[in-house]
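Each reported figure results from applying straightforward, stated rules to the coordinates on display, with no laboratory input. This one's a predicted model, so the numbers in the text were calculated from it and none came from an experiment. Cβ atoms come from the backbone with ideal geometry, glycine included; neighbour counts cover every protein chain shown.
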Amino acid sequence: MAKIIETDVLIIGSGPAGYTAAIYAARANLKPHLVSGLEPGGQLTITTDVENYPGFGEVIQGPWLMEQMKEQAVKVGTEFHHDIISNVEFNNNPFHAETDSGIKFITKSIIIATGAQARWLNIETENKFKGFGISACATCDGFFFKDQDIIVVGGGNSAVEESLYLTNFASKVTLVHRRNTLRAEKILQERLFKHPKIDVIWDHVVEEFIGSNEPLALEEIKLRNVNNNSEKIIKATGAFIAIGHDPATSLFKNKIKMDDENYIITKPDSTETNIKGVYAAGDVKDKVFRQAVTAAGMGCMAALEAEKYLAENY
Ligand code: NAP
């Protein structure tokens with residue numbers, strides 16, 4: 001039989017937004033329940049050095065920061081569930097949500113903090129070599145590419161940070177970007193251009209990943225020049241795709257207002273969605289800032305708004 005949990009606040013997601021919402025809701029005595037999702041800790045658990053989260057004089061590690069946030073949330077009274085929400089109904093308040101393990105939540109408010117996921121190139125040969133040379137997580141997989149030549153695809157902060165990080169393992173890192181300027185922060189660009197192990201190939205996109213079948217292993221990458229369509233093949237046994245993210249909102253499709261890129265829409269200066277009592281915080285609603293600290297700030301806002309809603313309506 002399903003376990004039924006009645007609560008004031010259900011938080012979905014365990015990145016900086018979710019944990020901060022949990023800390024504030026718990027300290028407001030709302031006894032929140034937080035369902036972590038597949039990757040507890042979210043995107044920061046697949047990053048390494050964090051030097052822009054305020055409060056730390058020394059460089060800290062992303063996974064460690066998320067462990068601290070979880071510990072803090074639980075310590076102040078959050079009920080943590082390592083589980084996945086499989087269905088949610090916003091039709092009537094209290095709302096209903098079900099998890100993979102069979103819990104049924106009946107909740108007066110919901111804070112959506114499901115974050116975003118890495119984007120793939122979606123070319124045919126990419127799937128074939130995923131896990132056999134192709135990865136979207138340098139922190140997770142960089143170690144496997146010791147003394148190898150690898151490429152990183154993308155031109156944002158992630159691509160540049162991953163390129164720099166991967167120099168710890170690889171013999172050579174080639175950044176492949178589809179334009180002739182990077183959108184990464186200037187300070188990161190400077191580090192990239194100065195690095196003796198990193199080359200940049202401008203104005204190129206990946207056409208094909210080529211390798212052996214037995215064993216399945218990436219060996220070469222066919223690139224196409226976007227200006228004149230000429231093609232060239234470079235040798236690389238690893239490829240890291242760092243081309244941005246998509247919000248994790250499939251669970252809420254047709255149930256809540258989203259924009260054309262599937263980010264949840266909230267009211268200006270607020271985390272309130274089009275449904276009263278439902279709030280969205282962090283990367284699931286933010287495609288501009290996407291920082292741990294802004295996500296945490298939005299988590300705080302969501303908890304304060306939920307608290308106000310509960311006080312006024314219950
Ligand atoms: P991003 O800033 O959106 O950059 C994505 C990059 O991938 C862009 O350069 C884009 O090219 C390229 N791209 C997108 N689709 C592509 C495709 N199909 N084929 C080839 N290239 C493609 O994503 P991000 O680097 O993941 O960063 C996301 C956000 O997180 C940003 O706001 C960033 O500042 C932030 N972030 C911050 C830090 C930090 O502060 N330490 C670290 C990581 C990320 P175009 O430039 O041509 O569009």
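Compute the signed sum of charges (Lys and Arg +1, Asp and Glu -1) over the other residues within less than 9 Å, Cβ to Cβ, of Asn225. If you can, show how the numbers build up before the last one.
Working: positive: Arg224, Lys232; negative: Asp203, Glu231.
Value of the local net charge: 0.
Once you place label points 7 Å from the Cα toward the Cβ at Ser230 and Arg179, how far apart are they in nm?
So the two model labels end up 2.4 nm from each other.
Between Gln72 and Phe143, how many nm apart are label points set 7 Å from Cα along the C-beta direction?
Roughly 2.8 nm, to one decimal.
Place a +1 charge on the Cβ of each Lys and Arg in the stretch 148-217 and a -1 charge on the Cβ of each Asp and Glu, then give the dipole magnitude about the Cα centre in debye, rounded to the nearest 20. Walk me through the numbers on the way to the answer.
Details: 8 positive and 10 negative charges, 76 e Å.
In debye, rounded to 20, the stretch 148-217 gives about 360.
Sum up the lysine pairs in the stretch 1-158 that clear both bars: alpha-carbon distance under 25 Å and a spacing of 8 or more or different chains.
Summing the qualifying lysine pairs gives 15.
If you place +1 on the Cβ of every Lys and Arg, -1 on the Cβ of every Asp and Glu, and leave all else neutral, what size is the dipole of the stretch 209-293 about its Cα centre, to the nearest 20 Debye? Each step should come with its number before you reach the end.
Values: 12 positive and 12 negative charges, 43 e Å.
About 200 debye.
So for Asp83, Asp269, fewest C-beta neighbours within 10 Å to most, what's the order?
Numbers: Asp83 18, Asp269 7.
Arranged by neighbour count, lowest to highest, Asp83, Asp269 become Asp269, Asp83.
State, as an integer percentage, the relative contact order of the chain based on alpha-carbon contacts under 8 Å between residues 6 or more apart. It would help to have the intermediate numbers written out before the result.
Numbers: 734 pairs, mean separation 65.8, N = 314.
About 21 percent, as a whole number.
Let's test the formula: R0 of 45 Å, r as the Cβ-Cβ distance of Ile201 and Ile106. What FRET efficiency results, to the nearest 0.05?
On the way: r = 55 Å, r/R0 = 1.21.
In this case the efficiency is close to 0.25.
Under the classification rounded if a/c is under 1.5, otherwise prolate if a/b is larger than b/c and oblate if not, where does the chain fall, given a ≥ b ≥ c as square roots of the Cα gyration tensor eigenvalues? Please list the in-between numbers first.
Values: a/c = 2.21, a/b = 1.98, b/c = 1.11.
Prolate, because a/c is 1.5 or more and a/b exceeds b/c.
Mind listing the long-range amide H neighbours of Ile111? Cut-off is under 5 Å, sequence gap 5 or more, other chains count too, H placed in the peptide plane at 1.01 Å from N.
Under 5 Å from the amide H of Ile111: Leu10, Ile11, Ile12, Tyr279.
Could you calculate the FRET efficiency of Lys3 with Leu304 from 1/(1 + (r/R0)^6), where r is the beta carbon distance between them and R0 is 35 Å, rounded to 0.05? Walk me through the intermediate numbers first.
Working: r = 29 Å, r/R0 = 0.84.
Efficiency at R0 = 35 Å is approximately 0.75.
Would you mind pulling out the separation of the Cα centroids of the stretch 68-112 and the stretch 163-199, in Å?
40 Å
How about the chain: what cysteines have no other cysteine beta carbon under 4.7 Å from their own?
Cys300
Considering only the other residues whose Cβ falls under 15 Å of the Cβ of Ala21, what net charge follows from Lys and Arg at +1 and Asp and Glu at -1? It would help to have the intermediate numbers written out before the result.
Numbers: positive: Arg27, Lys31, Lys70, Lys108, Lys285, Lys308; negative: Asp8, Glu79, Glu272, Asp283, Asp286, Glu305, Glu307.
In short, -1.
Points 7 angstrom from Cα along the Cβ direction at Glu208 and His82: gap in nanometres?
The modelled label-to-label distance comes out at 4.4 nm.
Given a 10 angstrom Cα cut-off, can you work out which residue in Ile233, Ile106, Ile243 is the most mobile in a GNM of the chain?
Ile233
For the chain, build the charge dipole from Cβ charges (+1 Lys, Arg; -1 Asp, Glu) around the Cα centre, then report which of Gly41, Trp202, Val9 sits farthest towards its positive end.
Selected residue: Val9.
Rounded to the nearest 0.05, what FRET efficiency do Ser171 and Asp246 give with R0 = 30 Å and r taken as the Cβ-Cβ distance? Could you check? Present the calculation step by step, with values, prior to reporting the outcome.
Details: r = 32 Å, r/R0 = 1.08.
So, using R0 = 30 Å, E works out to roughly 0.40.
If the only charges are +1 at each Lys and Arg Cβ and -1 at each Asp and Glu Cβ, what is the size of the charge dipole of the chain around the Cα centre, to the nearest 20 debye?
Values: 32 positive and 41 negative charges, 73 e Å.
It works out to roughly 340 debye.
Quick check: from the Cα gyration tensor, does the stretch 242-307 come out rounded (a/c under 1.5), prolate or oblate?
Working: a/c = 2.10, a/b = 1.13, b/c = 1.86.
It is oblate, given that a/c is not under 1.5 and a/b is not larger than b/c.
Between Val293 and Val59, 0.36 nm times their residue separation minus their Cα-Cα distance comes to what? Let's see the in-between values first.
Details: separation 234, 0.36 × 234 = 84.24 nm, distance 1.51 nm.
Value of the extension gain: 82.7 nm.
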